[in-house]
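Written below as structure tokens is the structure these notes are about.
No lab work stands behind these numbers, since they all come straight from the coordinates. Values in this document were obtained by computation on a predicted structure and should not be read as measured data. A quick note on method: Cβ atoms are made from the backbone with ideal geometry, for glycine too, and the neighbour counts reach across all protein chains shown.
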Amino acid sequence: MPGSPILRVLRVAIPSPLHRLFDYRPAPDVPACGWQPGLRVRVPFGRREVVGIVVECREQSDLPLTALKRVTACLDDAPLPPDWLWLCRFTARYYQHPLGDTLHQALPVLLRQGRALAPRTRERWALTPAGHAAGSDALPRAPRQAALLEMLRQHPHGLVSQAILAQSFSRDQLKALSAKGLVERHEEPLTAAPLPDPDHLLASPALPLNREQAHALSALHERLDGYHPCLLEGVTGSGKTEVYLQLIEAVVGRGRQALILVPEIGLTPQTLARFRKRFRVPVVALHSGLTEHERLDAWEAAASGRAPIVVGTRSAIFTPLARPGALIVDEEHDASYKQQDGLRYHARDLAVARAHHHRIPLLLGSATPSLESLARAHRGEWRHLPLTRRATRHAPARLELLDLRGRPRLGGLAPPALEAISDTLDAGHQVLVFINRRGFAPTLACHACGWLAECDSCDARMTLHRQPPLLACHHCDRRRVLPDACPECQSIDLRPLGSGTERTEETLAERFPKVPVHRIDRDSTRRRDAFEQALTEVRRGDPCLLVGTQMLAKGHHLPHVTLVVVVNADAGLYASDFRALEQGAQLLVQVAGRAGRAAQPGRVLVQTMHPDDPHLRLLAERGYAALAERLLEERRAAALPPFRFLALLRLESAREEAAGELGRRTAAALRAWLAERQLTVDCLGPVPAPMERRQGRYHLQLMLGAEKRSALHEAGAWLTAWLEATPEARRIRWSLDIDPQTL
Ligand code: ADP
Ligand code: ZN
Ligand code: ZN
């Protein structure tokens with residue numbers, strides 16, 4: 001093409017910890033679509049060959065062209081989906097993570113390894129006006145080209161490449177004709193599966209909505225063609241899922257796709273079954289249980305538009321969509337949306353960016369919205385859609401605080417709790433005992449000298465387990481056999497301290513021998529179907545006791561449970577993290593939501609040593625919304641998120657001095673740079689992390705805070721560049737966490 005720049009350099013993103021791209025010269029074979037961003041290439045990198053992704057095509061490199069290596073091969077005949085590429089670039093920029101690693105993480109494993117994608121487009125070749133005008137004797141010295149020209153003349157709409165090649169014409173002949181300006185190439189999408197017929201979309205009818213649900217849905221309908229973020233706040237059982245289903249119906253009915261994110265713990269067979277029962281079109285699920293082949297299939301189904309409905313956990317936010325129509329984030333406050341290592345992204349926040357980019361509705365649902373989302377709703381940036389009543393009969397149970405002070409406890413349970421359990425079982429109902437600690441007891445103690453079983457590698461106690469008997473550190477997974485005597489004073493008077501799920505299970509089994517006790521935690525459900533099996537039994541409805549951790553608190557419908565006992569509310573609420581109250585309250589409300597979902601009203605007993613604590617009382621007396629309001633005021637006063645933006649630099653090393661030294665140098669360099677740039681970003685630390693020693697390594701952190709996100713990002717970018725250029729930092733593991741969930 002005259003005047004178009006000469007492409008000499010491909011900038012390639014490569015999976016590496018470095019925040020930079022690498023320049024290569026193109027491979028001699030030009031891919032059918034021409035060189036474009038989004039193509040996977042195989043390139044030499046150090047002594048290996050790796051799969052990278054072209055992100056820019058340029059005329060020049062900063063290096064002399066002769067110093068550049070060549071791309072070995074192009075792996076795609078069309079670029080990876082542009083919406084996916086956009087999201088990865090956004091993610092890398094926002095989270096200050098290397099683009100190469102971001103792209104790598106966001107790709108199904110088989111594609112990372114270079115596996116070919118099914119073609120998404122095909123080429124069609126047709127005559128140009130010059131080709132039409134050319135006579136049959138136009139190419140006397142190229143008889144095959146002339147024959148090809150004749151063949152195309154018979155097909156006014158052109159022919160797809162496969163049809164041409166099948167007639168034993170070659171690609172070179174097509175290229176030659178194209179170079180002469182006689183034929184041209186068009187790229188057309190492979191026809192996706194036919195759009196569902198809107199009249200036959202539903203396999204089972206939508207429920208008639210109550211007034212609040214109808215109001216929420218019509219608010220969503222007002223703008224299906226633009227960015228339209230809505231926070232659907234409603235207690236468990238208030239019918240949020242029904243609103244999602246009807247929004248999906250509208251979106252899919254218009255030939256678009258819906259992507260639904262659910263918490264890790266929430267993508268149960270029950271949830272999926274509910275979606276599949278409603279719609280006649282395929283519902284693709286993305287979760288950790290898929291094989292790599294299944295994952296690639298799901299990815300391709302979404303990317304091609306064949307899958308109108310995609311449901312998945314955190315990483316599903318990176319699923320490409322051919323025709324995006326709506327994004328839904330269920331339980332938007334859930335901590336599992338934040339990835340805590342490597343690429344530290346928050347799927348809910350990426351959903352916001354993505355919905356904005358695609359200009360589509362975004363529906364975030366929760367019984368207990370995050371303070372971040374509430375603040376945006378209060379500011380009017382997001383539409384606030386409340387569902388205040390349960391779709392089914394009963395109002396959500398109130399929390400009753402049970403004072404633990406001065407009361408004897410059995411397996412962690414005070415006498416009034418045991419009585420309530422006994423009454424409930426006598427009435428023929430089921431009881432859920434929530435205790436957020438697995439194992440038999442939080443630790444083992446020597447009664448003679450006060451020794452406690454501590455982990456050698458962490459600043460933490462080891463948990464006592466009985467099934468099988470051992471001491472285990474829940475932070476580094478180190479295990480130890482149970483000592484026969486105290487290692488300090490040789491006394492044999494070793495006793496469990498406190499209660500975990502195993503001990504509570506044991507106590508309840510002794511106390512209520514006639515009813516089955518099901519323990520549900522990570523240890524009891526290691527077998528894949530053990531959890532579902534227990535739940536199936538529980539759903540039959542016979543009186544029983546359930547003892548469980550978080551695993552039970554979310555997502556599961558337990559219609560016959562009418563009493564919930566929270567063994568210890570204090571552990572979660574009064575942890576040192578600034579989000580502890582918010583997250584502790586969310587968990588309590590979730591657990592409470594398990595009670596009384598069907599025919600019977602429910603009761604929730606919350607054991608605490610602090611029954612007069614103003615936060616806990618506010619939650620018990622006036623509910624989550626009132627507490628959230630108060631917490632927002634406190635956050636504003638303390639200049640904490642959502643009123644301030646934070647980033648956390650974490651440093652770790654097996655050598656305490658090495659981490660400390662780098663931490664101090666980094667902080668000093670950053671402060672000097674901030675002063676010079678006159679950026680208002682504060683820098684706190686370095687300080688030891690809440691658990692300084694973990695897995696035998698020392699953890700330090702440096703906190704950055706700013707009122708303006710742009711200032712924080714500028715500082716973050718400088719910081720990562722500085723660390724990358726600092727030789728000492730290569731011996732220390734470091735990471736920058738933007739919008740950290742825990743400090
Ligand atoms: P949430 O997602 O808020 O927990 P669900 O959508 O799961 O609530 O609804 C709770 C229960 O109420 C479900 O069994 C659902 O089928 C039922 N339900 C929801 N909306 C309605 C409605 N409009 N009419 C009758 N039942 C409803
Ligand atoms: Zn001792
Ligand atoms: Zn440990």
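To one decimal place, what orientation-averaged projected area in nm² is obtained for the convex hull of the Cα set of segment 460-527? Please list the in-between numbers first.
Working: hull surface 23.8 nm².
The number I arrive at for segment 460-527 is 5.9 nm².
Read phi for every residue in segment 709-720 and hand back ³J(HN,Hα) as whole Hz from Karplus 6.51 cos²θ - 1.76 cosθ + 1.60, θ = phi - 60°, with x for Gly and Pro.
4, 4, 5, 4, 5, 4, 5, x, 5, 4, 4, 5
Translational diffusion coefficient, Stokes-Einstein: compute it for segment 320-364 using the Kirkwood radius over C-alpha pairs as Rh, at 37 °C and 0.692 mPa s, and state it as an integer in µm² s⁻¹. Provide the component values of the computation, followed by the final result.
Numbers: Rh = 11.2 Å.
Roughly 293 µm²/s, to the nearest whole number.
Over segment 186-314, calculate the relative contact order: mean separation of alpha carbon pairs under 8 Å at least 6 apart, over the residue count, as a percent. Don't jump to the answer; show the numbers that get you there.
Values: 129 pairs, mean separation 42.9, N = 129.
So the answer I get is 33 percent.
Pull up all non-local amide H partners of Leu80: gap of 5 or more, or a different chain, and H-to-H distance under 5 Å with H placed in the peptide plane.
Amide H neighbours of Leu80: Leu39, Arg40.
Can you list, by residue number, the Cys in the chain that have no neighbouring cysteine C-beta under 4.7 Å?
Here Cys33, Cys57, Cys74, Cys88, Cys230, Cys476, Cys544, Cys683 come out as lacking a disulfide-compatible partner, given the Cβ-Cβ threshold of under 4.7 Å.
Calculate how steeply helix 269-278 sits against the longest principal axis of the alpha-carbon atoms of the chain, using the helix alpha-carbon long axis, and give the answer as 0 to 90 degrees to the nearest 10.
So the inclination is approximately 50 degrees.
Just need the relative contact order of the chain here, percent rounded to a whole number, with Cα pairs under 8 Å and 6+ apart. Each step should come with its number before you reach the end.
Details: 1434 pairs, mean separation 76.5, N = 743.
Worked out over the chain, it gives 10 percent.
Counting only Cα, what are the radius of gyration and maximum Cα-Cα distance Dmax of segment 196-319, in Å?
Rg then Dmax for segment 196-319, in Å: 14.5, 44.
Can you tell me the FRET efficiency between Lys514 and Gln695 if r is taken as the Cβ-Cβ distance and R0 is 51 Å, rounded to the nearest 0.05?
Numbers: r = 45 Å, r/R0 = 0.88.
Using R0 = 51 Å, I get an efficiency of 0.70.
Karplus couplings for segment 73-84 from phi (6.51 cos²θ - 1.76 cosθ + 1.60, θ = phi - 60°), rounded to Hz, Gly and Pro as x?
Each residue of segment 73-84 in turn: 7, 9, 9, 10, 9, 8, x, 4, x, x, 5, 5 Hz.
How big is D, in µm² s⁻¹, for segment 293-354 by Stokes-Einstein at 10 °C and 1.306 mPa s if Rh is the Kirkwood radius over C-alpha pairs? Could the numbers behind the result be given before it?
On the way: Rh = 12.4 Å.
Translational diffusion coefficient: 128 µm²/s.
Any lysines with Cα under 25 Å of the Lys338 Cα? List them, leaving off those in the same chain fewer than 8 positions away.
Cross-link targets: Lys240, Lys554, Lys708.
Shape call for segment 77-160 from the C-alpha gyration tensor, a ≥ b ≥ c root eigenvalues: rounded (a/c under 1.5), prolate (a/b greater than b/c) or oblate? Before the final figure, lay out the partial values.
Details: a/c = 4.14, a/b = 3.29, b/c = 1.26.
Prolate shape, in that a/c is at least 1.5 and a/b is the bigger ratio.
Calculate the all-directions average of the projected area of segment 59-212's alpha-carbon convex hull, and give it in nm².
Seen from a random direction, the Cα hull of segment 59-212 projects 18.5 nm² on average.
To test your reading of the geometry: what angle, between 0 and 90 degrees and rounded to tens, separates the Cα axis of helix 143-153 from the longest principal axis of the chain?
Roughly 70 degrees between the two axes.
Give the separation of the Cα centroids, segment 689-726 to segment 414-452, in Å.
41 Å
Would you kindly calculate the translational diffusion coefficient of segment 488-624, applying Stokes-Einstein with the Kirkwood radius from alpha carbon pairs, for 4 °C and a viscosity of 1.567 mPa s, and quote it in µm² s⁻¹ without decimals?
On the way: Rh = 16.7 Å.
So the translational diffusion coefficient is about 78 µm²/s.
Can you give the charge dipole size of the chain about its Cα centre, rounded to the nearest 20 debye, using +1 on the beta carbon of Lys and Arg and -1 on the beta carbon of Asp and Glu? Show your work: numbers first, answer last.
On the way: 97 positive and 82 negative charges, 261 e Å.
Around 1260 debye, computed over the chain.
For a Förster distance of 25 Å, can you work out the FRET efficiency between the beta-carbons of Ala669 and Ala639, rounded to the nearest 0.05?
0.55
Quick one: angle between helix 501-511 and the longest Cα principal axis of the chain, in degrees between 0 and 90, rounded to 10, please.
40 degrees
What ranking do Thr368, Thr91 get, fewest neighbouring Cβ atoms within 10 angstrom at the top? Each step should come with its number before you reach the end.
Details: Thr368 26, Thr91 23.
Ordered from fewest to most neighbouring Cβ atoms within 10 Å, Thr368, Thr91 come out as Thr91, Thr368.
Determine the dipole magnitude for segment 223-286: charges of +1 sit on the beta-carbon of Lys and Arg, -1 on that of Asp and Glu, nothing else is charged, the reference point is the Cα centre, and the result goes in debye to the nearest 20. Provide the component values of the computation, followed by the final result.
Values: 9 positive and 5 negative charges, 63 e Å.
It works out to roughly 300 debye.
Counting pairs of Cα atoms in the chain, how many percent are more than 40 Å apart?
Numbers: 123038 of 275653 pairs.
Cα-Cα pairs in the chain separated by more than 40 Å: 45 percent.
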